[in-house]
1. Please sort by residue number the GluC sites (Glu not before Pro) in the range 10-69 whose DSSP state is loop and whose Cβ has at most 11 other Cβ atoms within 10 Å.
2. Helix-derived [θ] at 222 nm for the chain: sum -39500 (n - 2.57) over DSSP H runs of at least 4, divide by residue count, nearest 500?
3. Mind scanning K40/K64; K64/K199; K40/K199; K13/K141 and naming the pairs with a C-alpha gap bigger than 21 Å?
4. How much of the DSSP beta bridge set in the chain is antiparallel, as a percent to the nearest 5?
5. For the residue pair V106 and E38, what label-to-label distance in nm results when each label sits 7 Å from Cα along the Cα-to-beta-carbon direction?
6. Taking loop as defined by DSSP and a crowding limit of 13 other beta carbons within 10 Å, which GluC sites (Glu not before Pro) in the range 70-148 fit?
7. Please report S149, S104 as a ranked list, fewest other C-beta atoms within 10 angstrom at the top and most at the bottom.
Amino acid sequence: MQLDFAARELTIKLVYYGPALSGKTTNLQVLHELSTDETKGRLMTLETRDDRTLFFDLLPLTFKSDRDFSVRLKLYTVPGQVIHASTRKLVLQGADGVAFIADSQVSETRNNAASFKDLKENLREQGIELGRMPLVIQFNKQDLPTARSELEIIAQAQRGKEPVFCASAVQHRGVIETFVGLLFLTWQSLDKTHGLSSKVGLDRDKFFRDITNRFRGKRPLLELLQSAHTAQGRELSKELSP
Ligand SMILES: Nc1nc2c(ncn2[C@@H]2O[C@H](COP(=O)(O)OP(=O)(O)OP(=O)(O)O)[C@@H](O)[C@H]2O)c(=O)[nH]1
Ligand SMILES: [Mg+2]
């Protein structure tokens, strides 16, 4: 996170991590497509012909918050292919939150696990325990017949502590939910360590109302957060519930 009081600007870095071809770049493309013009910057992608990210993608999103504060979100994807290990480390540096995009196809189980281990190790190298990083998991490609079922994914979510979202990025399903869920966790964590509300004076509820208004469909925060499967049963949205 970078806080520039003089420029009244807060910058938050979110990283989309996961195995090759799980749909990280597609998530950013969909967020770009569904957000309003005043919000989105240029989506920078660098790909080979067969859809594979060589370096990283970057999508900047900017929100004018209350009290003339700008909140800039920088969304990055890592290249999933095993050979790009050093790039992943680089992109992960300074991340405030991570969305792990898993491929729901049963055949990808081992690749998901290997990538998750890679994430854990790379964070540890930077002195961060995985459990301390705001993290959500997305099971993408739910549209495929070979995908793990939602019931199985719910069962798996009970075993971990991270919120889990089911998605089909190509059908625009679950993408905004994953993003807003991650941003919500990240905001809570930054608020605790940096006092976004107490010191900076940023109002969380107002900020998230603004965020959800910037995407097509304008669905309320509670509805978006409630689509997460969590071990503690809807823990994500608990503090918002009346
Ligand atoms: N069926 C299906 N295909 C998807 C979905 N999301 C992405 N894809 C496809 O999967 C392929 C890879 O998607 P990308 O978004 O490029 O994957 P990536 O995770 O960025 O891959 P790397 O850059 O190599 O790490 C593309 O052909 C996408 O169209 C989905 O929800 N369902
Ligand atoms: Mg990619």
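None of the figures in this text is laboratory data; all of them are computed from the coordinates on show. Source: prediction; values computed, not measured. In this analysis, Cβ positions are derived from the backbone assuming ideal geometry, glycine residues included, and neighbour counts consider all displayed protein chains.
1. On the way: sites: E33, E38, E47; in loops: E38.
Passing both the DSSP loop test and the Cβ count: E38.
2. On the way: 8 runs with 85 residues, N = 242.
Helix-only estimate at 222 nm: -10500 deg cm²/dmol.
3. K40/K199; K13/K141
4. Of all bridge pairs located within the chain, approximately 45 percent are antiparallel.
5. With each label placed 7 Å out from Cα toward Cβ, I get 4.9 nm.
6. E129
7. Working: S149 13, S104 26.
Least crowded to most crowded, the residues run S149, S104.
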